[in-house]
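*Asks:* Encoded as structure tokens, here's the structure I'll be asking about.
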Amino acid sequence: MPTISFMSANFVARQVGYHMTEGWMQGDNATNDYFRPLATYAARFEALLLEVKAMGFTALDVWLGHLNPAWATPDHIAIARDLLARHGLTVVSLAGYFGTTAAEVEASCRLAQALGTTILGGNTALHVQDRPRLVSLLQHYGLKFGIENHPEKTPADMLAQIGDGGGGTIGTAMDTGWYGTQGYDAAQAVRDLGPEVLFHVHLKDVRAAGAHETCRLGTGVVPVAQCVQALRQMGYAGAYSIEHEPELFDPTEDVIASLTLLKGWLS
């Protein structure tokens, strides 16, 4: 069975009581504020891991709201490493926005390396501002950077960003839900992108094109089952991350149902 991971950003709205009415950064800021204090970090991070484990996962994508190089001290990182090992959870990617400067991106690289993952899945301005420096950092730390599609309307737009691939260091962390939001067939996007640049996959469903209201896999407009089929046919060997980030309710029940559904598709 391929690795299935829990995207910890699924809980972006938790610290605002699932009343995220002011956009993504409202939840992002509240989550960072909640997890930042070292005195409470162990208890709060362990509670998160225990929930992920109770849902049936053995792997997760660590979103920067839960461990951010902007505030993570060596003690924070040591606590996270110890708790992940203690609970038998592996990290398949570090997820989020990795900054605008080389120093910020390097801090994310060090954190990813410390957590035992080789994938940075998200975005950074350094990709545009100083691509050679980004490639150099990725090569130095033995990492791959998967650009997560948001505004890109087609795989062609993403392939243009990936360009020559930076010697195999730059590809995409495909978000099926955002292709749905853009009105593009996500299963076709899998085929258009191909295995060489598909570093990681966020399986997400959305209610309708033109908006980004996430939902349980198989209940929206994204052909998620066909995406999985296309990935398997091309020999994709990476992890499948379940992503569902509702603003007004707890996604736990939906994520558990999505995990069961995905296991069925993969078996």
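Every number here is computed from the coordinates shown, using simple stated rules; none is lab data. Note that the structure is a prediction, hence the values are computed from the model and not measured. A quick note on method: Cβ atoms are made from the backbone with ideal geometry, for glycine too, and the neighbour counts reach across all protein chains shown.
*Asks:* How much net charge surrounds residue 161 when only the other residues with a Cβ under 13 Å from the Cβ of residue 161 are counted, with Lys and Arg +1 and Asp and Glu -1?
*Replies:* Cβ neighbours under 13 Å give a net charge of -2.
*Asks:* Still on this structure, please answer the following. How far, in nm, would the chain grow between residue 192 and residue 136 when pulled straight, counting 0.36 nm per residue and subtracting the alpha carbon separation?
*Replies:* Gain on stretching residue 192 to residue 136: 17.4 nm.
*Asks:* Also, quick follow-up: Restricting to DSSP H runs of at least four residues, report the calculated mean residue ellipticity at 222 nm for the chain, -39500 (n - 2.57) per run over all residues, nearest 500 deg cm²/dmol.
*Replies:* So the helix-based figure for the chain works out to -13500 deg cm²/dmol.
*Asks:* Please identify, among 219, 172, 124, the residue showing maximal mean-square fluctuation in a Gaussian network model of the chain using a 10 angstrom Cα cutoff.
*Replies:* Maximum fluctuation in the GNM of the chain, among the listed residues, is at 219.
*Asks:* Only bridges with both residues in the chain count here: give the DSSP antiparallel percent, nearest 5.
*Replies:* Restricted to the chain, the bridges split so that about 5 percent are antiparallel.
*Asks:* Now, a different point. For segment 242-251, in order, what is each residue's ³J(HN,Hα) by Karplus, 6.51 cos²θ - 1.76 cosθ + 1.60 with θ = phi - 60°, in whole Hz (x at glycine and Pro)?
*Replies:* The phi angles translate into 8, 10, 7, 10, x, 8, 10, 7, 6, x Hz.
*Asks:* Taking only Cα atoms and a 10 Å spring cutoff, compute GNM fluctuations for the chain and point out the largest among 93, 241, 136.
*Replies:* Greatest mean-square fluctuation among the candidates belongs to 136.
*Asks:* Within the set of other residues whose C-beta is less than 15 Å from the C-beta of residue 98, count the net charge using Lys and Arg as +1 and Asp and Glu as -1.
*Replies:* Net local charge, residue 98 excluded: -2.
*Asks:* Follow-up question, since we're still on this one. Quick one: length gained pulling residue 164 to residue 237 fully straight, 0.36 nm per residue minus the C-alpha distance?
*Replies:* Difference between extended and current length: 24.1 nm.
*Asks:* Hey, another quick one. If I model a spin label at residue 51 and residue 225 as a point 7 Å from the Cα along the Cα→Cβ vector, what separation in nanometres do I get?
*Replies:* Rounded to a tenth, the inter-label distance reads 3.0 nm.
*Asks:* Report the net charge of residues surrounding residue 84, where surrounding means a beta-carbon distance below 11 angstrom and charges are Lys +1, Arg +1, Asp -1, Glu -1.
*Replies:* After counting each charged neighbour, the total is +1.
*Asks:* Over all Cα pairs of the chain, how is the pair count split among 10 Å bins, expressed in % and running from 0 up to the last occupied bin?
*Replies:* Reading upward from the zero bin: 7, 32, 39, 21, 2.
*Asks:* What is the gain in length, in nm to one decimal, between residue 97 and residue 21 on full extension, counting 0.36 nm per residue of separation less the C-alpha to C-alpha distance?
*Replies:* Extending this stretch completely gives an extra 25.3 nm.
*Asks:* List the residue ranges in the chain for DSSP H helices whose C-alpha atoms run 24 angstrom or more along the long axis and whose Kyte-Doolittle average is 0.0 or above.
*Replies:* Flagged H segments are 38-54.
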